[in-house]
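Read the figures in this text as sums done on the coordinates, not as results from a lab. Predicted model only: the values in this text are computed from it and were never measured. Positions of Cβ are backbone-derived with ideal geometry, glycine not excepted, and every protein chain shown enters the neighbour counts.
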Amino acid sequence: MDLGILRLATVSDGTGMDNPHALQRDLGKIKRLERVVSRRQKGSANRKKAVRQLARAHLRVANVRKNALHQITSRLARTKSVVVLEDLNVSGMLKNHHLAQAIADVGFYEFRRQMEYKGRWYGSQILLAPRFYPSTKRCSCCGNIKAELELGERVYTCEVCGLTIDRDLNAALNLEQLTTGSSPERYACGENGRPGYQAVLVEAGTEHQSASG
Ligand SMILES: [Zn+2]
């Protein structure tokens, strides 16, 4: 499955989940409340009130996000024997301020944390793609890797085999192909269909190691 910015999650079986709209709305509210707090005099009753409102808005955003993530991680852990996730270098991505907000929203760490413990509960194997596996730029049909794919390009079009597919679904299919159980005839249109990469099984306790790296 592919975790996204515009869409929360895309699963290689074609299902997925959008980001909750409430999140965007609440983020606007948070920005407004932050400005209110900064305008109020320190130590004043009005400032304390604004700080309380801001804290409530933050809590609401966190709850909305967590709830959406719980829905999808529970469904995946219950229904899939294997789930392949990207091993995202989130700390590196957060340096790009343009994306920082959006990526923080999606809650990559939270997603992976939930997926790992629910995987253990329900007996679903959680695999991580290698850090440099080009799941976004690779064609899930012929294996060709694009040199460039702009963030705004929502449709992946392969100039080699002609595949035209939703960008996130293409990424999810590429991740699925890292499992030995995936059937190549479903999507591979040539001998290069198999990726030359190996997914890594997430063992209990290893998440902290890779999360800090
Ligand atoms: Zn192709």
**Report entry** Amide H within-cut-off set for Val84, under 5 Å, with H built and near neighbours excluded
**Finding:** Leu127
Query raised in the report: Taking the simple approach of a point 7 Å from Cα along Cα-to-Cβ for both Arg75 and Lys49, what is their distance in nm?
Result: 4.2 nm
Query raised in the report: Given Leu3, Ser38, Leu23, which one lies farthest toward the positive end of the charge dipole of the stretch 1-54, if we put +1 on the Cβ of every Lys and Arg and -1 on the Cβ of every Asp and Glu?
Result: Ser38
Query raised in the report: Amide H neighbours of Tyr156 under 5 Å, counting only residues 5+ apart in sequence or on other chains, H built in-plane at 1.01 Å?
Result: Ile165, Asp166, Arg167
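How much FRET efficiency would the formula 1/(1 + (r/R0)^6) give for Arg60 and Trp121, where r is the Cβ-Cβ distance and R0 is 25 Å, rounded to 0.05? Write out the running numbers ahead of the final one.
Values: r = 27 Å, r/R0 = 1.10.
About 0.35, to the nearest 0.05.
What ranking do Val155, Val64, Val202 get, fewest neighbouring Cβ atoms within 10 angstrom at the top?
On the way: Val155 10, Val64 17, Val202 21.
Exposure proxy ranking, most exposed first: Val155, Val64, Val202.
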Query raised in the report: Contour minus end-to-end for Asn144 and Arg131, with contour as 0.36 nm per residue of separation and end-to-end as the Cα-Cα distance?
Result: 2.8 nm
Report task. Using label points projected 7 Å from each Cα along Cα→Cβ, tell me how many nm separate Leu201 and Asp18, to one decimal. Result -> 3.9 nm
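Considering only Cα-Cα distances, which of the following residue pairs are longer than 24 Å: Lys31/Lys66; Lys29/Lys66; Lys29/Lys118?
On the way: Lys31/Lys66 20 Å; Lys29/Lys66 19 Å; Lys29/Lys118 33 Å.
Those over the limit are Lys29/Lys118.
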